[in-house]
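The values are calculated or read from the model by the stated rules, or taken from the named source; none is laboratory data. Not measured: the values here are computed from a predicted model. Counting neighbours? That spans all protein chains shown, and the Cβs are built from the backbone with ideal geometry, glycine included. Note: areas computed on protein heavy atoms with side chains; ligands, DNA, RNA excluded. Shrake-Rupley method; radii C 1.70, N 1.55, O 1.52, S 1.80 Å.
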Amino acid sequence: MPETSSELYWPLLILNAIYGGYISLLYHSILLLFLSISLLLTYEYDVCTLRLLRASEGSLKEEDIEDIRGYHATLTGLVEYVCSFISIYVGVAFLSSFLSVCFCLYILINNVPSLLNTGIATFCVYYSILCLITVTYLGVRLHEAAHGPLNILYDLAGRNMPDRVIALVTLFANKLSQRQIGISALGLMTITKDTILTIIGTLLTYVFIVIQFKPESTGGLRQDTNTTAG
């Protein structure tokens, strides 16, 4: 049995290395795709907000607001189309990174200090948190850019303009205020600024709970056992 295990050691090690490299390459490729799409859509939303800001500085016309509103609706349709493909990845990335952070924090808090274990766990925590920060920042940035025209529309609502223009501005503002435009995780939530507070609060609560329920050291248990036996 030991000879068989030693014969399978290197083939299994090579297969694990190939499989791990493939998963890592696929993971980073999807992350790069998510990064590119999010930045591109964010830029286009910023352009839409800039167009609305420039139009609001002069006499806002009906065709101007209609064109900007249609451009924004097209971008929102693209976001929804992208979410139909990438929301699964975003959900898996959030869940896997969050569980990895919790598991590594548990090891760092409860296990006996070891340079190797501490180094590996610290690297895993750093990598997982970096992934969470990247995905969350891109989602928040896109959400903020998509709702960027809202404040400008509220300012325009108080101006003296034709009734048709006021109706278009009000319709545009109502649609923006009633929708959460952005990247969603499995359709369960849209990444916003509240997501950051939720992640931080959950991690802090988890750390406090793990510290409170941390078991006593082995030495302390042995001492208590000897005392009881005596």
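When you have a sec, figure out the Kirkwood radius of the range 45-107 from all distinct Cα pair distances and drop it here in Å to one decimal?
Details: mean 1/r = 0.0674 Å⁻¹.
It is 14.8 Å.
The length gained by stretching the chain between Thr74 and Tyr127 to full extension, at 0.36 nm per residue less their Cα-Cα distance, is 15.5 nm.
Taking the Cα centre of the range 99-208 as the origin and placing charges on Cβ (Lys, Arg +1; Asp, Glu -1), which of Gly187, Ala173, Cys131 is farthest toward the positive end of the dipole? Result: Ala173.
What is the calculated FRET efficiency for Leu33 to Asn160, with r their C-beta to C-beta distance and R₀ = 35 Å, to the nearest 0.05? It would help to have the intermediate numbers written out before the result.
Values: r = 47 Å, r/R0 = 1.34.
The value I calculate is 0.15.
Each part gets one Cα centre, and for the range 115-139 versus the range 176-216 those centres are 16 Å apart.
Taken along the Cα-to-beta-carbon direction at a fixed 7 Å, the label points for Leu115 and Glu66 span 7.4 nm. Atom-type composition of the exposed protein surface of the range 71-129 places 79 percent of the accessible area on carbon and sulfur (1.4 angstrom probe).
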